[in-house]
Amino acid sequence: MFRLPIDSESFPLGKGPMVMLILFLISTLFIFGRSEEDGENLEFWIFANTHYEEYQARVPIFEAQNPGVNVQLINFGGTMHDKLLAAMLSNFGAPDLVEVEITSIGRFLKGAIDEVGFVDLRPRLESEGWMEKLVVSRFTPWSYRGKIFGIPHDLHPVVLLYRDDLFKAAGVEMTEVETWDDFIAAGKKATRDLDGDGEVDQYAIVLDRRTESDYFSLLLQQGGGFFDEEGNVIIDSELAIETLEFFTALFNEHKIATPVYGTWHGDPSNFAAMQDGKILSILAPDWYVGILKSQVPQMSGKWKAIGMPAWHPDGRRTTTRGGTMIGMTKQCENPDRAWEVLKFTYFDRPGLVNRYETTRIIPPLKSAWDAPIFREPDVYLGGQPLGALFIELAPDLPPRYQNPYWSEGADLLNDAIFAAVTEKQTPREALTDLAEKVRALIAKDQGRWGKL
Amino acid sequence: MRKKQTTYRFWNQQQKIAPYLFIAPFYLLFVIFMGYPLISSLLMSLYEMRGFQSRIFVGIGNFTDLFRDPIFWKSLRNTAYFAVGTLTLQLPIALLLAILLNSKFVKGKNFLRLAFFAPVLVAGVFVAIIFNLVYDQRAGLVNHEFVLFGKEIGWLNEEKYVMPAVILTGVWQWAGFNMIYFLAGLQGIRQELYEAAAVDGANWWQAFIHVTLPSLRPVIAFVFVVSMIGSLQLFDLPFILTNGGEPADAGSTIVMYLYKNGFQFMRLGYAATIGWVLFFIIAVISIVQLKLLGIFRDE
C-alpha cells in the first residue's frame with residue numbers, strides 16, 4: 001500500500017504545522033494555478049454602485065453578441081480613484097476601461113500632455129461622427145489641451161425643485177419666477193416666522209456654504225468658471241465676484257437662504273429639514289432627484305420643478321453639477337475591443353433608457369431623448385414630466401473647463417466661499433486671495449519644470 | 001572516512017548558516033516593506049512629481065514651502081487641539097473608569113468592561129458615520145436630546161464646534177480601550193502598599209496621589225505616548241465626519257493634508273515631506289513625554 005514519506009507523527013513540530021503547510025500549499029495552488037478565462041479579457045473599473053448594477057445587467061448582452069470576449073466589472077467604490085492613480089504611477093495594473101468622477105479627473109491631467117494615462121478619444125469620436133450626436137459642451141470637463149480623455153456618462157442639468165404647496169401658502173406662484181430678481185422677491189414672501197417666536201421657520205432656499213457646489217453652479221450658469229479654455233485662472237473675474245456677492249447676499253442681506261443642514265445636500269439632517277417644511281427650494285441636478293426619491297419617498301407629490309431662475313430675462317435657465325466619464329487607459333492592450341465595450345455601455349439607446357428608468361440620469365446621446373419614458377409623468381413631482389424639463393434645458397448646458405489644478409483650486413474655493421458667507425472676508429477679497437494662491441501654485445510648478 | 005568528513009563539514013556549516021536563515025524572512029520583509037519605502041519616501045521629499053512619468057529635484061524646496069503653508073499650520077493646530085483634548089479629557093476619563101471598575105463596590109464588572117471596550121471594535125469609518133447622525137443638526141441625538149443647549153448647534157457646520165465634536169467622538173471610541181491598560185496597571189499594584197498607607201493614616205485621596213499614581217507611572221507613560229502618537233496620526237474620523245476637513249479646514253489634520261496632497265493634488269513629493277515632518281514631530285514629542293514621565297530615569 002502507498003504511504004506518504006512523512007506522517008503527522010514524524011513531521012517537525014507535530015500535526016499543527018503540517019496542516020498549516022498543507023493549507024498553504026493548497027491555497028498557493030488555488031491562487032496561482034487559476035488559468036485566465038479563455039478568449040479576450042477586458043477589465044472595467046467603476047466607483048458608483050448604480051453604474052455597476054446597470055453594467056452588470058448590460059454586459060452579459062455584449063458578451064453574448066461578442067463570443068469569446070469577457071468583460072470583468074470591478075466596483076472599487078470610493079477608493080477607486082486612488083487605486084487608479086497608483087496603477088498609473090506604477091505603469092502597471094490599470095484597467096482597460098474606467099469611469100472617473102468629475103472632481104477627480106484634474107489630478108490625472110498633471111504633467112506633460114503626452115504623459116496623461118488616458119487615450120485621446122477625439123480621433124475615434126470624430127471619425128465615427130459621435131461628436132455631433134452628443135451634447136458637445138459636455139466634453140469640456142473631460143478635455144484638456146485639445147484632447148478628449150473621456151466620454152460623458154451624463155449631462156446633469158440643474159433645475160429648481162420647490163415646494164409648490166408652501167410657496168402657494170405664502171402667496172407665491174413659482175411658475176411665474178423667471179429671473180433671480182423674481183426669486184428674491186418671491187423668497188422674501190416665503191421666508192417666514194410662522195409661530196411668531198422671532199426665529200425663521202421656513203427658508204426660500206437651502207444652499208451649501210461649506211463647498212463650491214451651489215456657488216460654482218451659479219457661476220457656470222452665467223458662463224463663468226474657475227479656469228478658462230486656455231487654462232487661465234478666472235475665479236477673480238468681475239463675473240465670479242458678482243456671483244459670490246449675490247450668493248452671500250441671499251444669506252446675509254436678503255436672508256432667504258439657509259445653510260445646508262449637515263455636511264451636504266444629501267445629509268439626513270437636510271432631508272429632515274425638508275420634511276419639516278423648513279426648506280422650500282433647492283438647486284437639483286437630475287441625480288439628486290434620484291437620491292430624493294430613494295431617501296425621502298414620503299415627500300412624493302410635494303415637489304415641483306422649474307428651470308433655474310435666469311440672471312437676466314431670456315437668460316440660461318440651467319447649469320450643470322457633477323458628472324462621470326468613461327476613459328480608456330494607455331495600458332489597454334486591445335483598444336478596438338475596449339472601444340466597442342465603451343460604445344455599448346455609453347451609446348446604446350435601450351441601455352440609456354434603462355439608465356434613466358433606474359437613476360433618472362439624462363444621457364448625453366441626443367437621439368435617445370425621444371424615447372417615451374422621458375415624457376412620462378413623474379409621480380414624485382405630482383405628475384410633472386420631469387424628464388421632459390431636463391431635456392428641454394439640456395442643449396443649453398454651460399461648458400465647464402477642466403484643469404489639472406482643479407482639485408487644489410476647489411479645496412481653496414470652499415474656504416473662500418465660507419469666508420465670504422460668514423463675512424470674514426468680502427467676496428472680492430476672498431476670490432482675489434484665492435486666485436493669487438492658485439496662480440502662485442501654478443507659477444511655482446512652471447518655475448520648476450517650465451511651461452508644459 | 002572522507003564521507004564522514006564531508007558530512008561533518010556540512011553539519012558545521014549548517015549550524016553557522018541556520019540562524020541567519022531563520023531570521024532572514026523578517027529582514028527580507030523589513031527591507032522590502034519598511035526599509036525601501038522609508039528611503040524612497042525620504043528621497044521623494046526632495047523631488048516633486050511632474051505628471052505620472054517624471055520628477056524634478058527640488059532639494060529642500062518642499063520643506064521651505066511647507067513651513068510657509070497656512071493650511072499645514074492650521075492642520076497642525078487642529079491636530080494639536082485633538083491631542084491635547086485626548087490627553088486632558090480622554091485619559092482622565094479612562095483612568096476614572098478603570099478605578100471604578102477596580103473598586104469592590106461596582107456590580108457587573110465584566111459586563112461594564114465589555115461595554116466600555118466595545119466601541120474600539122467598531123471601525124473608524126463606521127464610528128464617523130454613526131456620529132454624523134449623532135451630531136445631526138436637526139434630528140441628531142446631541143441637539144435633539146440635550147435640550148440644555150436650547151438651540152440647533154451646527155456641530156459639523158460651525159468652525160468652533162468641529163474639533164470639539166471630533167474630540168468627543170474620540171473619547172467615546174478610545175476611552176474604554178485605555179481603561180483596559182489602566183485597569184491592568186491598577187490590578188498589579190500590591191495591596192500591602194495601600195495597607196501601609198492606611199496604617200500611616202492616609203485617606204483615599206492621599207493613597208491615590210502617593211500610591212496609585214506613582215505605581216501606575218509606567219502604564220501612564222505608555223498610554224500617554226501611544227495616545228499622543230495615535231492623535232497625531234488622526235485621519236479617518238475627521239475625514240468622514242467633516243467631509244474632508246470642511247468647513248474652512250476646521251477639521252483638517254496633518255495626515256488628512258498629507259492624503260490630500262498625495263492623492264487628490266498629485267503632489268507626492270510634498271506629501272512625503274509632510275510625512276517626514278510628522279515623523280520628527282512624533283519622535284520629539286514622544287522622547288520629551290518619556291523624559292518628563294521619568295521613564296529614562298534610573299530607579
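The values are calculated or read from the model by the stated rules, or taken from the named source; none is laboratory data. Keep in mind that what you see is a predicted model, and the values were worked out from it rather than measured. Here the Cβ is made from the backbone with ideal geometry for all residues, glycine too, and neighbour counts use every protein chain on show.
Listed here are the helices (runs of 4 or more DSSP H) enclosed by segment A:145-234 that have at least 2 residues being assigned by TED's automatic domain parsing to the domain that holds A:Gln275 and aromatic (Phe, Trp, Tyr): A:180-190, A:213-221.
For the criterion of being over 30 Å from A:Met308 (Cβ atoms), surrounded by fewer than 23 Cβ atoms within 10 Å (Cβ to Cβ), out of contact with any Cys (no Cβ under 9 Å at 6 or more places or on another chain) and within 14 Å of another protein chain (Cβ to nearest Cβ), A:Asp120 fails.
Output yes when any residue across segment B:271-278 is under 16 Å from B:Phe82 (Cβ atoms) and either assigned by TED's automatic domain parsing to the domain that holds B:Gln90 or at pLDDT 90 or above (or both), and no when none is. Taking every residue of segment B:271-278 in turn, at least one turns out to be under 16 Å from B:Phe82 (Cβ atoms) and either assigned by TED's automatic domain parsing to the domain that holds B:Gln90 or at pLDDT 90 or above (or both). Take segment B:246-265 and flag every residue that is under 13 Å from B:Ser45 (Cα atoms) and in contact (Cβ under 8 Å) with a residue 12 or more places away in the chain. Residues satisfying the conditions are B:Leu258, B:Asn261.
Among the residues of segment A:145-174, those identified as more than 28 Å from A:Leu386 (Cα to Cα) and either touching a Ser or Thr at 6+ places or on another chain (Cβ under 7 Å) or at pLDDT 95 or above (or both) are A:Lys147, A:Ile148, A:Phe149. Of everything in segment B:235-245, what is in contact with a helix residue (DSSP H, G or I) (Cβ under 7 Å, 6 or more places away or on another chain), part of a loop (DSSP other than H, G, I, E, B) and either within 11 Å of another protein chain (Cβ to nearest Cβ) or surrounded by 22 or more Cβ atoms within 10 Å (Cβ to Cβ) (or both)? Give them in sequence order. Of everything in segment B:235-245, those that are in contact with a helix residue (DSSP H, G or I) (Cβ under 7 Å, 6 or more places away or on another chain), part of a loop (DSSP other than H, G, I, E, B) and either within 11 Å of another protein chain (Cβ to nearest Cβ) or surrounded by 22 or more Cβ atoms within 10 Å (Cβ to Cβ) (or both) turn out to be B:Thr242, B:Gly245. When A:Ile74 is tested against the conditions (1) at pLDDT below 95; (2) in contact with an Asp or Glu (Cβ under 8 Å, 6 or more places away or on another chain), the lone failure is (1).
Quick one: how many residues across segment A:426-452 are within 13 Å of chain B (Cβ to nearest Cβ), surrounded by fewer than 16 Cβ atoms within 10 Å (Cβ to Cβ) and among the basic types (Lys, Arg)? Result for segment A:426-452: 3. Any residue at all in segment A:133-142 that is in contact with a Gly (Cβ under 7 Å, 6 or more places away or on another chain), in contact (Cβ under 8 Å) with a residue 12 or more places away in the chain, farther than 24 Å from A:Phe271 by Cα and not assigned by TED's automatic domain parsing to the domain that holds A:Asp314? Within segment A:133-142, one or more residues are in contact with a Gly (Cβ under 7 Å, 6 or more places away or on another chain), in contact (Cβ under 8 Å) with a residue 12 or more places away in the chain, farther than 24 Å from A:Phe271 by Cα and not assigned by TED's automatic domain parsing to the domain that holds A:Asp314. The criterion of being among the charged types (D, E, K, R) and within 12 Å of chain B (Cβ to nearest Cβ) does not hold for A:Asp396.
Within 14 Å of chain B (Cβ to nearest Cβ) and of a type in the set (Phe, Trp, Tyr): is that true of A:Trp406 in this structure? Spelling it out, A:Trp406 is indeed within 14 Å of chain B (Cβ to nearest Cβ) and of a type in the set (Phe, Trp, Tyr). Scan segment A:402-434 for residues that are in a helix (DSSP H, G or I) and in contact with a Pro (Cβ under 7 Å, 6 or more places away or on another chain) and report the count. Residues in segment A:402-434 being in a helix (DSSP H, G or I) and in contact with a Pro (Cβ under 7 Å, 6 or more places away or on another chain): 2 in total.
To keep it simple, each residue is scored yes or no on (1) within 14 Å of another protein chain (Cβ to nearest Cβ); (2) in a helix (DSSP H, G or I); (3) at pLDDT below 95.
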| position | (1), (2), (3) |
| --- | --- |
| A:Glu99 | no, no, no |
| A:Arg107 | yes, yes, yes |
| A:Arg124 | no, yes, no |
| A:Glu132 | no, yes, yes |
| A:Thr140 | no, yes, no |
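Taking the conditions (1) at pLDDT below 95; (2) closer than 18 Å to A:Trp311 by Cα; (3) of a type in the set (Ser, Thr, Tyr) in turn, A:Ser217 satisfies each one other than (1). The residue that is nearest to B:Val125 (Cα to Cα), counting only those in segment B:246-273 that are assigned to a loop (DSSP other than H, G, I, E, B) and either more than 19 Å from the chain's Cα centre (by Cα) or within 8 Å of chain A (Cβ to nearest Cβ) (or both), is B:Glu246.
If we keep just the residues of segment A:235-287 that are touching a residue at least 60 places away in the same chain (Cβ under 8 Å) and part of a loop (DSSP other than H, G, I, E, B), which is nearest to the other protein chains (Cβ to nearest Cβ)? Only one residue tops the list, namely A:Lys278. Listed by position, the helices (runs of 4 or more DSSP H) enclosed by segment B:131-205 that each have at least 2 residues that are assigned by TED's automatic domain parsing to the domain that holds B:Ala250, touching a helix residue (DSSP H, G or I) at 6+ places or on another chain (Cβ under 6 Å) and in contact (Cβ under 8 Å) with a residue 12 or more places away in the chain are B:159-187, B:191-199.
Could you look through segment B:48-73, keep only residues that are under 12 Å from B:Arg267 (Cα atoms) and in a loop (DSSP other than H, G, I, E, B), and pick out the one that is farthest from the other protein chains (Cβ to nearest Cβ)? Among residues in segment B:48-73 that are under 12 Å from B:Arg267 (Cα atoms) and in a loop (DSSP other than H, G, I, E, B), the one farthest from the other protein chains (Cβ to nearest Cβ) is B:Phe52.
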